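In what follows, a structure is listed as structure tokens, so that the remarks can point back to it.
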Amino acid sequence: MKHLEALTEVSRPSRYLGGELGSICKAPGTVDLRIALAFPDVYEIGMSHIGFPILYHILNRLDWVAAERVYAPWPDMTEWLREHQEPLRSLESNLPLADFDIIGFTLQYELSYTNLLGMLELAGLQLRREDRDEAAPLVVVGGPCAFNPEPLADFFDCAVIGDGEEAVVELCQAVHQAKKEGLSRAELLQRLARIDGVYVPSLFAVAYHDDGRISALSPLQGDYPGVRRRFLADLDQAEFPTRPIIPFMQTVHNRVALEIARGCTRGCRFCQAGYIYRPVRERTPQRIAALIDEALENSGYEEISLLSLSTGDYSCIEPLMQGLMARYAEDQVAVSFPSLRVGSLTPELMEEIKKVRKTGFTLAPEAGTERLRAVINKGISEADLLQTTRSAYELGWRLIKLYFMMGLPTETEADLQALIELAAQVKRSGKGTQGGADVNVAVSTFVPKPHTPFQWEAQIGIEQVLQQQVLLRDGLKKKKLRFKYHEAELSFLEGVFARGDRRLGRVLERAVALGCRLDGWREHFNFQLWQQAFADCGIDPSWYLRERQEDEILPWDHIDCGLPKKFFREERRRALSGEATPDCRDGNCHNCGVCDFETLRMQLVEACPLEFAAPQQVKEPLPDPDDEARRYKIRLRLSKRGRARMVGHLEYLTMFQRAVRRAGLPVRFSQGFHPTPKVSYLEALPLGVESDAELVDIELYQPPNAREVVTALNQQLPQGFAIIEGTVIDWRSPSPSAAVARSLYRVPLPVPVPENLAQRISSFLAAEEIPLVKIKKGREVRSDLRPDLVDLRLLEGELELTLTKGSPLQMAAQVLDLDVEQVRKLGVCKTAIELK
């Protein structure tokens, strides 16, 4: 952000800091093309998305491209930007979004569409493509929702359909060349349309019947009848970032996340991802091992997450888990799965999983009866499910989470009653196991998605959703089972935009004008505003939930996901007759049409033991925690300047511990079930206060060289943090907080300076009590600041505070007759400490 002062006025300022370790900022004038990778949700959501770092890494490897990041701001930051007439800027260079050559949005969720428009608005750009001038950035979208981007078609210039690793580079090359040649926007779009997988909506016209259905989807040039999804043929050879960006704040998935496979062949008929990411392409275990080794070394993370649509189906999953566990167990690194599938859970695999994750065991039966599971092609029998849950309870899991859907095609009330009974049977399957058995039941509403066999089906409306949620809530409550559900209104909107057409662009524009933002967040979702937007545009949203006819033109018919409509029609018929479609992973090809068996085919790895390369340095075994002969301690003095002052205390602790891990220091760990590194700090520094005198003690099991430790850590610290000096001390020395007698702070004086400041200082020093009254949780809390104050002096342009403990902001606020937030903006700095 251009002005750090903004960060003192908003919640969670580390969302907007930038400068994280692993981020890349290329200086102005050193590149020919700048692209902003824009995530239409807040930082902690976007930083957990695996696709972003892949594109960030690929693009920044090109010396002529700078890829930077921008996320949707929280409402308080949005308000600040508007009030101060400041544009939305990138994290890396603080460049206004409107100054980039390309803005690339990822579309992961339909309810993020208003965030996309809101970000364009904050950038000072016209929302509609036709209203933007030639100097405006090219607006590009991609991601799963780009397989039907029609509700947004009036706002973006082009879309990348399918795998982006190669297509985004070709797109940047085309834009780069167009800049050199001085092409117009229209000429550029013509050129982009020739890139495989790039969709240009302005090159298609849509006409409608009187009843609202589409009458024609007409290409405006004969050589561009539609766009076929882009495929990455070989995942194993694809680039993957091993130097991740390390956020200051806690994000949704703060770990090394590695995509071990792309695509799924299970054929669940409701699952869009299972169709649009075909065919299955697996990374070799050797490649996975090498990538994980590098990523852990460069990140300092303590957890690995193995990602795919069905991780348990990975051909080499058991040897991979065994190898990773053997490799990283001593380093206190856990290995986790995002999801588990009954059909792929062998006893051996469950044995490996239980070593690292016993807090919750998640399974997705999706439907309560085997009849309905056959309709959706979810090949799970009740017997297999109950056997798996029994095994999980016996292996030590106490909680099983079950995911279901309601509103599936052909569903009856009997299916819902069976769902309740099945969940109860899962709970009973843990009877007699040690520690008891618990079950959480989560039920979402089925939303038909494009490019699936159920793309023609009707979606149940809000009233029916609410009725069924009451039925499930009451039934599960009687069985003493916890019930979680998705709000009916959110599912309703998701369904409208999932299968929507271009006419919904007016609704989106109106909703943004009315104030709709962050619709995926309960506290910000306002369904009344959405109802008003639909009414103002004369559109009935429930019309979009209707059943479609199979011969009807669908809004996304000109976008080819690689599987023909004919295949989806046949799958729909098989669903309605309860016929299973087998997994083609077992060699039974069912002619979905995605593979050409030349350049594109399923890539499965052969199961084999995983052998890691020998480490360059053989690690010394961890010492016995009680072995006093191998206990050493080093004390470090650290500065925290500039943007680092806006890193909160807990974020600072996490940041430093990861730096210690990356530096490879021989740190001693605590005992217990969750061992933690023995690192201790001073009491929390108030947010916004700089420091040249933070202390950190690290306990080691090898004698340290202070200079080497300082050098190693400084190489691992992000911008704004630096180790000033290090000293080896006796391991029995008191902790930093216990060792400090007093701290010295400098407070720049406000303008204007209070007239009676010298008199106020004298009064404070002479006072026996400095009362402070604060309101906490609606109650008055009284305290006395005087015991913390040692000295108070007026210097030229500054106030110097000497405190034994406590917040310099509270003390300075009292002396200067300001509130704490005003003092926070002055630039307070801890300059020195005095040890006892």
Point to revise | Leading residue at positive end of dipole, the chain (Cβ point charges), from 380, 576, 203 | key: 380
Practice item. Quote the accessible area belonging to residue 477 in square angstrom, nearest 10, computed with a 1.4 Å probe and with ligands, DNA and RNA left uncounted. Key: 150 Å²
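If you restrict to DSSP beta bridges whose two residues both lie in the chain, what percentage is antiparallel, to the nearest 5?
Once the DSSP bridges in the chain are tallied, antiparallel ones form about 55 percent.
Report the gain in length on full extension from residue 611 to residue 208: 0.36 nm times residue separation, minus Cα-Cα distance, nm rounded to one decimal. Write down the numbers at each step before the final one.
Details: separation 403, 0.36 × 403 = 145.08 nm, distance 6.01 nm.
Using 0.36 nm per residue and subtracting the Cα-Cα distance, I get 139.1 nm.
Could you tell me what percent of the accessible area of the chain is made up of carbon and sulfur, with a 1.4 Å probe and every protein chain present? Let's see the in-between values first.
Numbers: 17260 of 35440 Å².
The value for the chain is 49 percent carbon and sulfur by accessible area.
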Exercise for review: Check cross-link reach from residue 401 to the aspartates and glutamates: straight Cα distance under 13 Å, and skip same-chain residues fewer than eight apart.
Suggested key: 366, 438
Exercise for review: Give, rounded to the nearest 20 debye, the magnitude of the charge dipole that the chain has about its Cα centre when Lys and Arg contribute +1 at Cβ and Asp and Glu contribute -1 at Cβ.
Suggested key: 1660 debye
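Among the listed pairs 449/477; 26/830; 431/478; 777/805, which are separated by more than 22 Å between their Cα atoms? Before the final figure, lay out the partial values.
Values: 449/477 31 Å; 26/830 32 Å; 431/478 18 Å; 777/805 24 Å.
Too far apart for the 22 Å limit: 449/477; 26/830; 777/805.
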Study note, to complete from the structure: Spelling it out for residue 334: with amide H atoms placed in the peptide plane at 1.01 Å from N, the residues 5 or more places away or on another chain with amide H under 5 Å from its amide H are 303, 304
Check your understanding: Based on the Cβ-Cβ distance of residue 684 and residue 220, what FRET efficiency does E = 1/(1 + (r/R0)^6) give at R0 = 56 Å, to the nearest 0.05?
Key -> 0.35
Check your understanding: In degrees, nearest 10, range 0 to 90: what is the angle between the Cα axis of helix 317-328 and the longest Cα principal axis of the chain?
Key -> 10 degrees
Check your understanding: Reachable aspartates and glutamates from residue 836, Cα under 20 Å, same-chain residues fewer than 8 places away excluded?
Key -> 683, 692, 694, 697, 725, 730, 788, 791
Review point. Does anyone have the angle between helix 504-514 and the longest principal axis of the chain? Alpha-carbon axes, 0 to 90°, nearest 10?
Key: 30 degrees
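So how do 25, 516 rank on accessible area, 1.4 Å probe, biggest first, that is with the largest at the start?
Working: 25 75, 516 5 Å².
So the residues, ranked largest to smallest area, are 25, 516.
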Check your understanding: Tell me which aspartates and glutamates have Cα within less than 16 Å of residue 774's Cα, excluding those fewer than 8 residues away on the same chain?
Key -> 784, 817, 819, 821
Practice item. Rounded to the nearest 10 degrees, what's the angle between the helix 113-122 long axis and the longest principal axis of the chain, both from Cα atoms, 0 to 90? Key: 50 degrees
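Tell me what the chain gives for mean residue ellipticity at 222 nm when only DSSP H runs of n ≥ 4 count, each as -39,500 (n - 2.57), the sum divided by the residue total, rounded to 500 deg cm²/dmol.
Dividing the helical sum by the residues of the chain leaves -8500 deg cm²/dmol.
Per residue, how much accessible surface does the stretch 1-93 expose to a 1.4 Å probe? Answer in Å², no decimals.
Details: 3290 Å² over 93 residues.
Ligands and nucleic acids excluded, the result is 35 Å² per residue.
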Check your understanding: Under 5 Å between amide H atoms, partner at least 5 residues away or on a different chain: which partners does residue 785 have, H built in plane at 1.01 Å?
Key -> 770, 772
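Listed highest first by mean packing, meaning other Cβ atoms within 10 Å per residue, what order do 150-159, 170-179 come in?
Values: 150-159: 24.3, 170-179: 18.4.
Going from most to least packed, we get 150-159, 170-179.
When the solvent-accessible surface of protein heavy atoms is calculated with a 1.4 angstrom probe, in what order do 325, 602, 406 fall, highest first? Display every interim value, and only then the final one.
Numbers: 325 25, 602 55, 406 0 Å².
Final ranking, largest accessible area leading: 602, 325, 406.
Listed highest first by mean packing, meaning other Cβ atoms within 10 Å per residue, what order do 110-117, 430-437 come in?
The most tightly packed comes first, giving 110-117, 430-437.
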Study note, to complete from the structure: HN-Hα couplings for the stretch 754-768 via Karplus (6.51, -1.76, 1.60; θ = phi - 60°), in whole Hz with x for Gly/Pro, come out as x, 4, 9, 4, 4, 5, 5, 5, 4, 5, 5, 5, 7, 6, 8
Check your understanding: When the solvent-accessible surface of protein heavy atoms is calculated with a 1.4 angstrom probe, in what order do 131, 438 fall, highest first?
Key -> 131, 438
Review point. How much solvent-accessible surface does residue 93 expose, in Å² to the nearest 10, with a 1.4 Å probe and all protein chains in place?
Key: 40 Å²
Check your understanding: Projected onto the charge dipole of the chain (+1 at Lys/Arg Cβ, -1 at Asp/Glu Cβ, origin at the Cα centre), which of 120, 652, 666 gives the Cα projection farthest towards the positive end?
Key -> 666
Check your understanding: In debye to the nearest 20, how big a dipole does the stretch 631-783 give about its Cα centre with +1 on each Lys and Arg Cβ and -1 on each Asp and Glu Cβ?
Key -> 440 debye
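The values are calculated or read from the model by the stated rules, or taken from the named source; none is laboratory data. Treat the numbers as computed from the prediction; the structure is a model and nothing was measured. Heads up, the Cβs are rebuilt from the backbone with ideal geometry, glycines too, and the neighbour counts pull from every protein chain shown. Just the protein is used for accessible areas: all its heavy atoms, side chains included, with ligands, DNA and RNA removed. Shrake-Rupley method; radii C 1.70, N 1.55, O 1.52, S 1.80 Å.
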